[in-house]
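Remarks on the structure that follows.
The values are calculated or read from the model by the stated rules, or taken from the named source; none is laboratory data. Quantities reported herein were computed from a predicted structural model and do not represent experimental measurements. Ideal geometry is used to build each Cβ from the backbone, glycine not excepted, and the neighbour counts take in all protein chains shown.
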């Protein structure tokens, strides 16, 4: 059975203002993403929930939601809500705090006015789904800005410095290079001639060795140049397998026996029935996740994803169960399908499991109460 605090929390995800008749209104205000350049910190978009004690008009939003979720008449839901408001005021008069799970805490200040303190662990901003606060690591530089600017200025100065050329020294250097190149050309030509001579000597040596082997009949080179005789042509013979047919005798009346004996009877060939085409196996339907026993005290969930289609939520639930999260399930909340790793009774247990999931998996999981 859903409680009043859970009903208010669910409505805050879809509404900007949720009025509790007789108590006040919870107003949601969007807060954009923030960047702190001093602390090097990025905060994701969020929602600030404030409490307005002056808005106590009779609004059936919470009553209709409680009646629908708990499947009770509206009069019964109105009576439960009135008892809840009465208990809240009695607790405040006694100096106690009224804790609304996933929403915040109500209390009286020194002047007797209602004061609301929001629970920052739950983010009611739909634009921040899947996001989280983070602090990027600074880029460490091996050189300071002044050193880098000095190096760039020196490179630019060297680039713009004119270069002087000694024409006389260059002319003498060119003469020496030309003389050296002439000598090198003669050396290269001699090397090429000696190379061709060594090639010719190698070919003559191979020819002499081959002639000696053929002369002393060590190797018969004539066999290499003789053409192979074509093999004798042998025609192919193909033997077909015998075909078997089944003959069915046709009964003949006794009066026609004499007439039919004169003519040979033709056998009747019975053909085998054709085999029916193989039927392709029908594809298996996509399996739905099995229901999991739910502890009534375990109202804390660790969300793995949120989808608009139920098939996507069922597919992710099956994936989580295959990975070992046997308590995974999905449910509809605020017209969206939420996939959870499981339900947990205390904040300590849910926080420990959330740290393990973020450390060992790639899911950006978060806690939903």
Q.
Which residue is farthest from residue 66 (Cα to Cα), if the candidates are limited to segment 324-348 and must be loosely packed, with under 14 Cβ neighbours inside 10 Å and without any contact (Cβ under 8 Å) to a residue 24 or more places away in the chain?
A. 324
Q. Taking strands (runs of 3 or more DSSP E) that fall entirely within segment 1-82, which contain at least 1 residues that are buried (at least 18 other Cβ atoms within 10 Å of the Cβ)?
A. 17-20, 24-31, 46-52
Q: Would you please name the residue that is surrounded by the fewest Cβ atoms within 10 Å (Cβ to Cβ), looking only at residues in segment 349-369 that are in contact with a helix residue (DSSP H, G or I) (Cβ under 8 Å, 6 or more places away or on another chain) and either in a strand (DSSP E or B) or on the phi > 0 side of the Ramachandran plot (or both)?
A: 367
Q: For residue 89, state whether it is farther than 13 Å from residue 4 by Cα and either more than 41 Å from the chain's Cα centre (by Cα) or without any contact (Cβ under 8 Å) to a residue 40 or more places away in the chain (or both).
A: yes
Q | Number of the condition not met by residue 96 [criteria: (1) assigned to a loop (DSSP other than H, G, I, E, B); (2) more than 30 Å from residue 65 (Cβ to Cβ); (3) at pLDDT 85 or above] | A | (2)
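How many of the residues making up segment 318-340 are farther than 19 Å from residue 128 by Cβ and within 18 Å of the chain's Cα centre (by Cα)?
Final tally of qualifying residues: 6.
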Q: Look at segment 113-143 and say how many of its residues are at pLDDT 80 or above and in a loop (DSSP other than H, G, I, E, B).
A: 7
Q | Per-region count, segment 32-56, residues modelled with pLDDT of 80 or more and over 34 Å from the mean Cα position of the chain (by Cα) | A | 6
